[in-house]
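First the structure, in the form of structure tokens, and then the observations on it.
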Amino acid sequence: MVDHIPHDDAVPARLRAAVYRPSKLGHVVLRTSRFQETRDWYLTVLSAEVAFENDDVAFLRYDDEHHRIGIINARDASPLDKSSAGVEHVSFTFEKLDELLGTYLRLKSLGIVPFWPIIHGPTVSLYYRDPNGVKVELQYDVLRTAEAVDAFFAAGNYLENFMGVIFDPDDMVRRFESGEPLGSLTKRPPLPPGLGPWDMHRP
């Protein structure tokens, strides 16, 4: 018999209805008929490891969470319908820009390339598609605090351009290796003449 171990040292005598916020986003679970391919893709892209797996499920982790990605072997799952309502994409953040760019180079060498590289403003982002067509964003936070992002919005930057500006990852790699300052590398440029925010979108 396993004893229940409470997470908090002090357990309140009575519970009450109240407003609480989650402490974090725990994990994402995917259903797929391409089980092995999907498992291997996330292991590769996130440099993850298997926490548990059998023929029906795989739980993957890359940090101190017990699992960040769950994959269910749904053999009768239908292909993704891009026109259906649902989750648009999932996102994973790298602490440093060189980690994002180094991951880009590693994945590119394996034939995994982003379909949409964009500087949103608050982030530098690379969007990929997993074997099922699910969009996966790998990003670097340019603005490091909620206050900095709030100030970016308050300055009207998203009223002007809510999408961002497409960039060339190979060019950013070259500029990074040449020693260009981080602020210059990650600063969102203006929209090209004659183009609007939706011209920057890659569905």
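Throughout, read-outs are computed from the coordinates displayed, never taken from laboratory work. These numbers come from a predicted model, not from an experiment. Here the Cβ is made from the backbone with ideal geometry for all residues, glycine too, and neighbour counts use every protein chain on show.
Between Thr44 and Lys187, what is the label-point separation in nm under the 7 Å Cα-to-beta-carbon projection?
Label at Lys187, label at Thr44, 3.7 nm between them.
With charges set only on the Cβ (+1 for Lys and Arg, -1 for Asp and Glu), what does the dipole of the chain come to about its Cα centre, in debye to the nearest 20?
Details: 22 positive and 30 negative charges, 88 e Å.
Here the chain has a charge dipole of around 420 debye.
Explain nothing, just the number: dipole magnitude of the stretch 89-203 about its Cα centre with +1 on each Lys and Arg Cβ and -1 on each Asp and Glu Cβ, in debye rounded to the nearest 20. Working shown, then result.
On the way: 11 positive and 15 negative charges, 48 e Å.
In debye, rounded to 20, the stretch 89-203 gives about 240.
Specify whether the C-alpha gyration tensor of the stretch 26-76 places it in the rounded, prolate or oblate class, a ≥ b ≥ c being the square roots of the eigenvalues: rounded for a/c under 1.5, otherwise prolate if a/b is larger than b/c and oblate if not.
On the way: a/c = 1.95, a/b = 1.58, b/c = 1.24.
The shape class here is prolate.
Hey, if you put +1 on the Cβ of every Lys and Arg and -1 on every Asp and Glu Cβ in the chain, which of Val90, Phe176, Asn73 ends up farthest toward the positive end of that dipole?
So the residue furthest toward the plus end is Val90.
So what's the convex hull volume per residue for the Cα atoms of the stretch 89-203, in Å³? Could you put the intermediate results ahead of the total?
Values: hull volume 12.7 nm³, N = 115.
Output value, Cα hull per residue: 111 Å³.
Which percent, to the nearest 5, of DSSP beta bridges fully inside the chain are antiparallel? Mind dumping the intermediate values first?
On the way: 21 of 31 bridges.
The antiparallel fraction comes to roughly 70 percent.
Under the rule a/c < 1.5 gives rounded, and otherwise a/b versus b/c splits prolate from oblate, where does the stretch 40-101 land using the Cα gyration tensor? Before the final figure, lay out the partial values.
Values: a/c = 2.45, a/b = 1.24, b/c = 1.98.
Verdict is oblate for the stretch 40-101.
Name the residue farthest towards the positive end of the dipole of the chain from the options Ala17, Val149, Leu159, assuming +1 on Cβ of Lys and Arg, -1 on Cβ of Asp and Glu, about the Cα centre.
Leu159
Can you list the residues, at least 5 places off or on another chain, whose amide H is less than 5 Å from the amide H of Val142, using H built in the peptide plane?
Placed amide hydrogens put Thr123, Val124 under 5 Å from Val142.
Based on the Kirkwood radius over alpha-carbon pairs, what is the Stokes-Einstein translational diffusion coefficient of the chain at 37 °C with 0.692 mPa s viscosity, in µm²/s? All intermediate terms of the calculation are to be shown ahead of the outcome.
Details: Rh = 19.7 Å.
The calculation lands on 167 µm²/s.
Can you tell me which lysines have their Cα less than 24 Å from the Cα of Lys24? Leave out same-chain residues fewer than eight positions away.
Lys96, Lys135
Residues with amide H under 5 Å of Phe167's amide H, sequence separation 5 or more or different chain, H placed in the peptide plane at 1.01 Å from N; which?
Ile118, Ile119
Just to be sure I follow the definition: excluding the sites themselves, where is the longest run in the chain that has none of the GluC sites (Glu not before Pro) in a DSSP loop with at most 16 other Cβ atoms within 10 Å? Mind dumping the intermediate values first?
Working: sites that count: Glu65, Glu88, Glu95.
Value returned for the longest uninterrupted segment is 96-203.
Separation between the Asp199 and Ala77 pseudo-spin-labels, each 7 Å from Cα along Cα→Cβ, expressed in nm?
3.8
Taking chymotrypsin sites (Phe, Trp or Tyr not before Pro) that fall in a DSSP loop and have at most 14 other Cβ atoms within 10 Å as cut points, what is the longest piece of the chain between them?
Working: sites that count: Tyr20, Phe115, Phe162.
The reported range is 21-114.
In sequence order, what are the phi-derived ³J(HN,Hα) couplings for the stretch 164-178 according to the Karplus relation 6.51 cos²θ - 1.76 cosθ + 1.60 with θ = phi - 60°, rounded to whole Hz, with x for glycine and proline?
x, 10, 5, 9, 9, x, 5, 5, 5, 4, 4, 5, 4, 5, 7
Would you mind telling me which residue in Leu15, Leu143, Leu80 has the biggest mean-square fluctuation in a Gaussian network model of the chain, where springs connect alpha carbons within a distance under 10 angstrom?
The residue with the greatest mean-square fluctuation here is Leu15.
Report the residue, chosen from Val165, Val28, Val87, that carries the largest GNM mean-square fluctuation when the chain is represented by alpha-carbon nodes joined by springs under 10 Å.
Residue with maximal mean-square fluctuation among Val165, Val28, Val87: Val87.
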